[in-house]
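I have placed the structure first, in the form of structure tokens, so that the comments after it can refer back to it.
What follows is calculated from the coordinates using simple rules that are stated; it is not laboratory data. The shown structure was predicted, so the numbers you read here are calculated from the model rather than taken from an experiment. Backbone-built Cβ (ideal geometry, glycine too); neighbour counts: all protein chains shown.
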Amino acid sequence: MDLAGLTELADLTELTALWERRWPGSLPVGHEIDGRAREVWVRFHSLPESKRYPEGEREYAVVLERHNTVLDRLFAGGEVYVLVPRWTVSADAPVEIPRGSVRWRSWLQQDDPEPEFRTYCHVFLERRPWRRGCLDGLLRQVADEEEAGVIVTDIGLRRLYHPYDGGADVFLASAEERDRLRERHADWLSRHPEGF
């Protein structure tokens, strides 16, 4: 299924059904992944000593190196979907579409009697071959809090990578796979007893 094929309603409907089978109870926005998925979750921090924001190119290089190292481990040699959400105050408000993406799903995120306080979420999706560094621009925007809720996933939606300002939440296909990845990058983990 190429990107042009994703514009067909049937393909998008199939993708939605696959998402709902793989990640029941979760919306396709990074911070919306259901807590029941924690059995396959690990969080990595993107800078030493759990520093949240990079200062200068040397620290941006560390952030990108850590992101790309884990992304390579998850997706090398395959294709990925890149999910980027946008929020608006009305269902039909104009929204900036990320380049190369198509609108996948939209929903009312927060209802309110006052229309100006309602929030709609629109998730855009791009399918691309994974190559180390291919998302560096987006990952820098995430590190700078210019983008939020991003998910990178394989086309079977088995593994989710949610970068955020300060690190990444990774959801693996099994607890065993999670444990192997956590051990491999133990020095990138939080000292918090619950892994936050």
Summing -39500 (n - 2.57) over every DSSP H run of at least 4 in the chain, dividing by its residue total and rounding to the nearest 500, the 222 nm mean residue ellipticity is -8500 deg cm²/dmol
Protection-proxy order for peptides 82-88, 180-186, each taking the mean of Cβ atoms within 10 Å per residue, highest first
82-88, 180-186
Angle between the Cα long axis of helix 9-22 and the longest principal axis of the chain, 0 to 90 degrees, nearest 10?
40
Between the Cα axis of helix 57-75 and the main Cα principal axis of the chain, the angle (0 to 90°, nearest 10) is 70
Build a GNM of the chain with springs between Cα atoms under 10 Å: which of D144, D179, D112 gets the top mean-square fluctuation?
D112
What FRET efficiency comes out for the pair C134/A173, r = Cβ-Cβ distance, R0 = 22 Å, nearest 0.05?
0.50
Who wins for biggest fluctuation among A168, A17, A93 in a Gaussian network model of the chain, springs between alpha carbons below 10 Å?
A93
Reviewing (1) 1, 6, 11, 12, 11, 10, 9, 7, 6, 6, 5, 4, 4, 3, 2, 2, 1, 1, 0, 0; (2) 1, 6, 9, 10, 7, 6, 5, 5, 4, 4, 3, 3, 3, 3, 3, 3, 3, 3, 2, 2, 2, 2, 2, 2, 2, 2, 1, 1, 1, 0, 0; (3) 1, 7, 15, 20, 20, 17, 11, 6, 2, 0, the figure for P(r) over Cα pairs in 5 Å bins from 0, in percent actually calculated from this model sits under (3)
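Just need the relative contact order of the stretch 3-188 here, percent rounded to a whole number, with Cα pairs under 8 Å and 6+ apart. Provide the component values of the computation, followed by the final result.
Working: 313 pairs, mean separation 54.2, N = 186.
Worked out over the stretch 3-188, it gives 29 percent.
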What ³J(HN,Hα) values, in whole Hz, does the Karplus curve 6.51 cos²θ - 1.76 cosθ + 1.60 give for the stretch 108-114 when θ = phi - 60°, with x put for Gly and Pro?
6, 7, 9, 8, 7, x, 8
Crossing angle, helix 175-184 versus the chain [Cα axis fit, 0-90 degrees, rounded to tens]:
50
Largest fluctuation, G167, G137, G56 only, Gaussian network model of the chain with Cα springs under 10 angstrom, belongs to G56
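Can you pull out the GluC sites (Glu not before Pro) in the stretch 34-103 whose DSSP state is coil and whose Cβ has at most 16 other Cβ atoms within 10 Å?
Values: sites: E39, E49, E55, E57, E59, E65, E79, E96; in loops: E55, E96.
Here the sparse-neighbourhood loop sites are E55, E96.
Please find the FRET efficiency linking R58 to E14, where r is the Cβ-Cβ separation and R0 is fixed at 45 Å, and quote it to the nearest 0.05. Display every interim value, and only then the final one.
Numbers: r = 44 Å, r/R0 = 0.98.
Computed FRET efficiency for R58 and E14: 0.55.
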What number comes out for the charge environment of I97, summing +1 per Lys or Arg and -1 per Asp or Glu over other residues with Cβ under 11 Å away?
+1
